[in-house]
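To start, the structure under review is shown below, and the notes come after it.
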Amino acid sequence: MRILEGEKVTKYFGGLAALSNVTFHIGKGEIVGLIGPNGAGKTTLFNLISGALPTKSGTIKFKDEKITGLKPHQICRLGVARTFQTVKIFANMPVLDNALVGSFFGTPTSMSSADAAREAIESLELVGLSAARAIPARDLTLANQKRLEVARALATKPELLLLDELMAGLNQTEMAEAMELVTELRDKGITIFMIEHVMKAIMGTCDRIMVLHHGEKIAEGTPREIAKNKTVVDVYLGA
Amino acid sequence: MDMTAFASKRFLVPGLVSLILLVLLATSPLYISSYNVILLAAILMYIVLTVSWAFFSGPTGYLSLATAAFFGVGLYTTAVLGKALPLLAVVAAGGLVSFVLAFIVGAITLRLRGIYFAIFTFGLVELIKHALLFWEITVTGTRGRFVVLVGNNTIYYVVLGILVLLLLTVYFVRRSKFGLAMQSIGDNEDAAAHMGVNVTLVKVITFAVSAFFIGAVGAIMATRWTYIDPYVAFNPLFSFLPVLMAIFGGLGQFYGPIIGAAIFAYLEELLLTKFPYYYMLIFGIVLVVVILYLPDGLIGLIQRARQRWQKGGLTGKHANT
């Protein structure tokens with residue numbers, strides 16, 4: 001069953017085609033990786049899915065429902081949550097309040113304060129931040145800020161989670177923990193669509209990989225297929 | 001000490017202090033001179049303007065310079081409706097007209113960010129001023145209006161009532177789910193939107209509620225002026241003073257803008273009466289010093305002093321043991 005489908009998704013920035021006619025789909029329960037050189041349009045695609053940017057043409061469907069044209073908060077409430085490439089935590093708020101914003105406003109059905117608090121704490125526990133709940137978010141390390149972004153997204157009870165470069169800037173240990181977390185989330189039934197530059201992370205966790213280059217999808221397949229794909233190798237090695 | 005005792009103590013002390021202050025304020029017209037009643041009413045008015053401004057601009061980070069516009073709309077509402085309706089209805093009408101105006105303006109302009117929003121809100125003051133002037137010159141053929149007069153004590157009590165209502169609103173909203181949304185917008189609006197916060201709606205409602213109180217206090221203060229015209233009613237100073245007062249007091253805390261406005265307004269009156277020739281000069285120097293050396297306002301100064309005192313107290317105890 002397809003949870004997310006994109007049909008000829010196109011986006012221009014001025015005269016530049018950031019994305020042109022990208023057609024893709026994500027199956028329920030999959031971990032799909034999105035890779036490509038800098039400027040390939042990966043984050044733009046995420047911005048179109050989450051509603052941060054309006055789509056020029058083409059449609060995106062979430063669970064067979066058209067979501068192009070909806071506002072970010074509406075898309076979030078439908079069950080699509082995301083993290084950001086450059087962390088966008090609520091720096092001046094305590095860690096718990098960061099997650100509370102998600103559980104209060106982002107869940108499909110609105111919850112009582114007690115339920116929202118429970119949901120927020122559960123999501124913090126899942127990423128290993130429940131001990132830090134009273135600390136202002138700005139005092140966390142980068143790795144923990146990224147965890148907080150995940151927790152905050154989880155607090156909205158998503159069915160689809162978009163992870164934008166979760167591993168960037170993490171050291172080896174932190175990266176291993178992050179990969180473990182991604183697999184754990186999938187086991188809980190959350191579909192994952194992730195942008196990643198760290199090949200080890202992508203190859204190790206993804207069921208399927210999509211490659212973007214200059215706004216076009218140039219390849220798609222299992223990690224093994226992608227590693228052998230000639231076009232992909234050319235793009236990355238600049239042949 | 002167990003948690004409940006700790007929690008109740010935390011709320012009891014500020015609660016008791018507020019209650020005593022309220023009783024003092026409510027009974028003061030019985031034993032202070034009418035000059036002081038007028039002065040107190042003016043100070044309370046500034047507190048309402050500053051707290052209303054900070055209610056919206058503090059957590060969301062949107063610098064609004066529209067205070068004078070909503071204040072002027074309140075003033076004009078009384079000038080127009082003052083004779084037709086009872087006083088409290090006029091005050092409520094002033095608030096409601098401002099609320100509706102802010103709602104419409106907010107819905108159109110709150111997608112502007114940073115400096116653009118600030119400039120637009122300031123433009124709104126001029127826009128309404130000149131629209132009214134145009135109306136008065138071409139349609140009614142008169143400039144300005146006389147306003148119904150009301151006793152000083154009545155003005156004082158209405159302003160006090162508006163202030164109490166405002167403080168209760170601010171206190172409970174800041175602690176609510178809605179307050180959390182406001183804060184998340186100020187911290188990172190994009191992230192807030194992606195966490196399911198309807199950022200436009202939250203901003204517009206907050207802006208309109210803050211305008212309600214500004215308009216209401218304008219409506220009652222109009223009765224002090226006897227005569228108003230667009231230049232008097234839409235004085236840009238009323239846009240800037242609340243910002244200065246809030247920064248002077250400190251924006252981080254609930255009581256920062258309250259203390260800032262109270263001291264600032266009193267200082268203004270004191271300097272104006274005691275040093276009429278140097279008033280603006282001294283005032284300017286005080287402001288520059290505060291902004292340069294007290295980035296967190298007076299509240300920041302108090303907090304630092306308290307921390308130092310607590311540290312001193314702790315080390316003192318260590319020395320004893």
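The values are calculated or read from the model by the stated rules, or taken from the named source; none is laboratory data. What you are looking at is a predicted structure, and each value in this text was computed from that prediction instead of being measured. Heads up, the Cβs are rebuilt from the backbone with ideal geometry, glycines too, and the neighbour counts pull from every protein chain shown.
Structure summary
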| quantity | calculated |
| --- | --- |
| Every residue from segment B:279-289 that is surrounded by 12 or more Cβ atoms within 10 Å (Cβ to Cβ) and of a type outside the set (Val, Ile, Thr) | B:TYR279, B:MET280, B:PHE283, B:LEU287 |
| Elements of type strands (runs of 3 or more DSSP E) in segment A:31-118, at least 2 residues being more than 9 Å from chain B (Cβ to nearest Cβ) | A:31-35, A:57-62 |
| Residues of segment A:1-30 classified as part of a loop (DSSP other than H, G, I, E, B) and of a type in the set (D, E, K, R), total | 2 |
| Selection from segment B:22-54 of residues that are farther than 18 Å from B:LEU168 by Cβ and of a type in the set (S, T, N, Q) | B:THR27, B:SER28, B:SER33, B:SER34, B:ASN36 |
| Members of segment B:239-270 that are buried (at least 24 other Cβ atoms within 10 Å of the Cβ) and within 24 Å of B:LEU127 (Cα to Cα) | B:SER239, B:PRO242 |
| Residue list for segment A:128-147, filter: crowded, with 23+ Cβ neighbours inside 10 Å and away from chain B (no Cβ under 11 Å) | A:LEU129, A:LYS146, A:ARG147 |
| Verdict on B:THR169 being buried (at least 17 other Cβ atoms within 10 Å of the Cβ), of a type outside the set (A, V, I, L, M, F, W, C) and modelled with pLDDT of 90 or more | yes |
| Options A:VAL198, A:VAL232: the member that is of a type in the set (A, V, I, L, M), touching a strand residue (DSSP E or B) at 6+ places or on another chain (Cβ under 9 Å) and assigned by TED's automatic domain parsing to the domain that holds A:ASP64 | A:VAL232 |
| Single match in A:PHE84, A:PHE13, A:PHE90 (criterion: aromatic (Phe, Trp, Tyr) and either farther than 29 Å from A:HIS197 by Cβ or touching a strand residue (DSSP E or B) at 6+ places or on another chain (Cβ under 7 Å) (or both)) | A:PHE84 |
| Odd one out for A:ILE35, checked against (1) in contact with a Phe, Trp or Tyr (Cβ under 9 Å, 6 or more places away or on another chain); (2) surrounded by fewer than 17 Cβ atoms within 10 Å (Cβ to Cβ) | (2) |
| Some residue of segment A:122-130 being among the β-branched types (Val, Ile, Thr) and in a helix (DSSP H, G or I) | yes |
| Condition check for B:GLY123: over 18 Å from the mean Cα position of the chain (by Cα), surrounded by 14 or more Cβ atoms within 10 Å (Cβ to Cβ), among the small types (Gly, Ala, Ser) and away from chain A (no Cβ under 14 Å) | yes |
| Qualifying position, being basic (Lys, Arg), in the same structural domain as A:ARG208 (by TED's automatic domain parsing), more than 25 Å from A:GLY102 (Cβ to Cβ) and surrounded by 14 or more Cβ atoms within 10 Å (Cβ to Cβ), among A:LYS71, A:LYS11 | A:LYS11 |
| Residues located in segment A:162-204, provided they are more than 14 Å from A:VAL150 (Cβ to Cβ), of a type in the set (Val, Ile, Thr) and surrounded by fewer than 21 Cβ atoms within 10 Å (Cβ to Cβ) | A:THR173, A:VAL198 |
| Residue within segment B:299-311 that is part of a loop (DSSP other than H, G, I, E, B), surrounded by fewer than 22 Cβ atoms within 10 Å (Cβ to Cβ) and out of contact with any Cys (no Cβ under 8 Å at 6 or more places or on another chain) present | no |
| Elements of type strands (runs of 3 or more DSSP E) in segment A:183-236, at least 3 residues being in contact (Cβ under 8 Å) with a residue 24 or more places away in the chain, touching a Lys or Arg at 6+ places or on another chain (Cβ under 7 Å) and closer than 19 Å to A:ARG82 by Cα | A:191-195 |
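Residue-wise test of (1) of a type in the set (Lys, Arg); (2) closer than 13 Å to B:PHE55 by Cβ; (3) within 7 Å of chain A (Cβ to nearest Cβ).
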| position | (1), (2), (3) |
| --- | --- |
| B:VAL170 | no, yes, no |
| B:VAL173 | no, yes, no |
| B:ASN188 | no, no, yes |
| B:ALA192 | no, no, yes |
| B:VAL197 | no, no, yes |
| B:LYS203 | yes, yes, no |
| B:THR206 | no, yes, no |
| B:PHE212 | no, yes, no |
